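For reference, the structure discussed in these notes is given below.
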2 protein chains.
Amino acid sequence: MSVFDAIDTRRTIRQYDQSFVPPKEHVKKIAEAAIKSPTGYNRQGVDLLVVTNKDIINNMNDKVFDALDEDAKNYFRTRKELGLEKFITCDAPVLYVLYANGKTDDVYARLDAGIMAESILLTATSLGYATMPIGTFMIGDLSEYGIPKDKVLLAIAMGKARAGIEIPPCDRNTKITYLE
Amino acid sequence: MSVFDAIDTRRTIRQYDQSFVPPKEHVKKIAEAAIKSPTGYNRQGVDLLVVTNKDIINNMNDKVFDALDEDAKNYFRTRKELGLEKFITCDAPVLYVLYANGKTDDVYARLDAGIMAESILLTATSLGYATMPIGTFMIGDLSEYGIPKDKVLLAIAMGKARAGIEIPPCDRNTKITYLE
């Protein structure tokens, strides 16, 4: 799939086919695409945790959910209507967690994590997968999995979209100014 | 060009063909790819300035350069060896400037800018162009061009690579951990 088609067709999907786990070869190919992305001054200040163990994904979901305030919990609870059990990770079979390793400052780490995230999203899209960026993961304490507290930058859920779900439109009104 | 090939072949290039300006159709296609990228909670907190006016690009370069401390100026001055006149923008014919519009907080704005930046870099690569992310733009005051002070998140230079230049290797040792 071309870059432009991947950008054009990518949508955030929250309903995954529970009977399908992407093959390890694809999971690894996406991770390798991520780390080929550029980083500020090539400092490579973002490391990557790739989780395909369902118990660990569920435990991460619960840790993040428990850290939410009550309003946010209620917001995420509305996802029960989508038939979900885990409202943050949306029962996706694969989770990529981007976290800061201290080789760069927070400003660059976030920019670099965004760059890596888009490589993950587009590579996954080009392989036929559905994806969902999860900013909420920033609040969880995942130190039991080797991620220093408060160092998660972003997580990305990945899997096969459930058949028959509604694909949301691309609703954008971002301002572009041309100086010619 | 496929997503994976674009990620695999993209390199930061600082030497541009001075006789070639990318056609407006390509410049716009890249900008439109950028704004189709996902943003946290779809808040679209990053706007985009696309500059093809050489005088403005040069003026932006000078404003950023002048704001550097002397050590940083000396670091960038070494780029004179590459045959460059403007050491920050590297004489590129097109500049994409991503800046925060206040619709989201700084943390999400930086993540979103990184995501948009990778869309720009990969779309440009797939169209045959060379690119360079410029984090240094964060320090410049570009308020005369409508960008609120301290709101630049990242800039990306784009153009055609100069013939015969050395393409740097992809040097990565980012840590990937698999939890299976």
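The values are calculated or read from the model by the stated rules, or taken from the named source; none is laboratory data. Quick caveat, the model's predicted, so the values are computed rather than measured. Neighbour counts are summed over all protein chains in view; Cβ atoms, including those assigned to glycine, are modelled from backbone coordinates with ideal geometry. The protein model used for the area step is the full one, side chains on, heavy atoms only, and it has no ligands, DNA or RNA in it. Shrake-Rupley method; radii C 1.70, N 1.55, O 1.52, S 1.80 Å.
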Checklist entry - residue A:78: accessible area at probe 1.4 Å, nearest 10 Å²? => result 70
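Quickly estimate the mean residue ellipticity at 222 nm for chain A, helices only: each DSSP H run with n ≥ 4 gives -39500 (n - 2.57), and the total goes over all residues, rounded to 500.
Working: 5 runs with 62 residues, N = 180.
Value at 222 nm, helices only: -11000 deg cm²/dmol.
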Item to check | Amide hydrogen neighbours beyond the local backbone of residue B:142, cut-off 5 Å, H modeled | outcome: B:150
Checklist entry - Taking amide H positions as placed 1.01 Å from N in the peptide plane, with prolines and chain starts having none, which residues 5 or more places from residue B:161, or on another chain, fall under 5 Å of its amide H? => result B:17, B:130
Next on the checklist: Running a GNM on chain A with Cα contacts under 10 Å, which residue among A:40, A:83, A:164 ends up with the highest mean-square fluctuation?
Outcome noted: A:164
Next on the checklist: Whole-Hz ³J(HN,Hα) for each residue in the range A:29-36, computed from phi via Karplus 6.51 cos²θ - 1.76 cosθ + 1.60 with θ = phi - 60°, x for glycine and proline: what do you get?
Outcome noted: 4, 5, 5, 5, 4, 4, 7, 7
Item to check | Table column - 3J(HN,Hα) (Hz), the range B:167-180, Karplus curve with 6.51, -1.76, 1.60, x for Gly and Pro | outcome: 8, x, x, 8, 9, 10, 9, 4, 7, 10, 10, 9, 10, 10
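Set the Förster radius R0 to 25 Å, insert the Cβ-Cβ distance between residue B:165 and residue A:179 as r into 1/(1 + (r/R0)^6), and round the FRET efficiency to 0.05. Mind dumping the intermediate values first?
Numbers: r = 27 Å, r/R0 = 1.09.
Efficiency computed from Cβ-Cβ geometry: 0.35.
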Checklist entry - Ordering B:122, A:68 by how much accessible area each has at a 1.4 Å probe, largest first, what is the list? => result A:68, B:122
Checklist entry - Using every alpha carbon pair in the protein assembly as shown, what percent of pairs falls into each 10 Å bin from 0 up to the bin containing the largest distance? => result 5, 26, 35, 22, 10, 2, 0
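Using the Cα centre of the range A:1-90 as the reference point, and only Cβ charges (+1 on K/R, -1 on D/E), how large is the resulting charge dipole? Debye, rounded to the nearest 20.
Numbers: 15 positive and 14 negative charges, 44 e Å.
For the range A:1-90, the charge dipole is close to 220 debye.
Using unit Cβ charges (K, R positive; D, E negative) and no other charged atoms, how large, in debye to the nearest 20, is the dipole of the protein assembly as shown about its Cα centre? Display every interim value, and only then the final one.
Working: 46 positive and 50 negative charges, 125 e Å.
Computed charge dipole of the protein assembly as shown: roughly 600 debye.
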Item to check | Test item: A:45-58 mean partner chain Cβ contacts at 10 Å | outcome: 3
Checklist entry - Rounded to a whole number, what % of the accessible area of the range A:131-180 do carbon and sulfur atoms account for, probe 1.4 Å? => result 51
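Compute the FRET efficiency between residue A:78 and residue A:53 as 1/(1 + (r/R0)^6), taking r as their Cβ-Cβ distance and R0 = 25 Å, and round to the nearest 0.05.
Working: r = 27 Å, r/R0 = 1.09.
Here the calculated transfer efficiency is 0.35.
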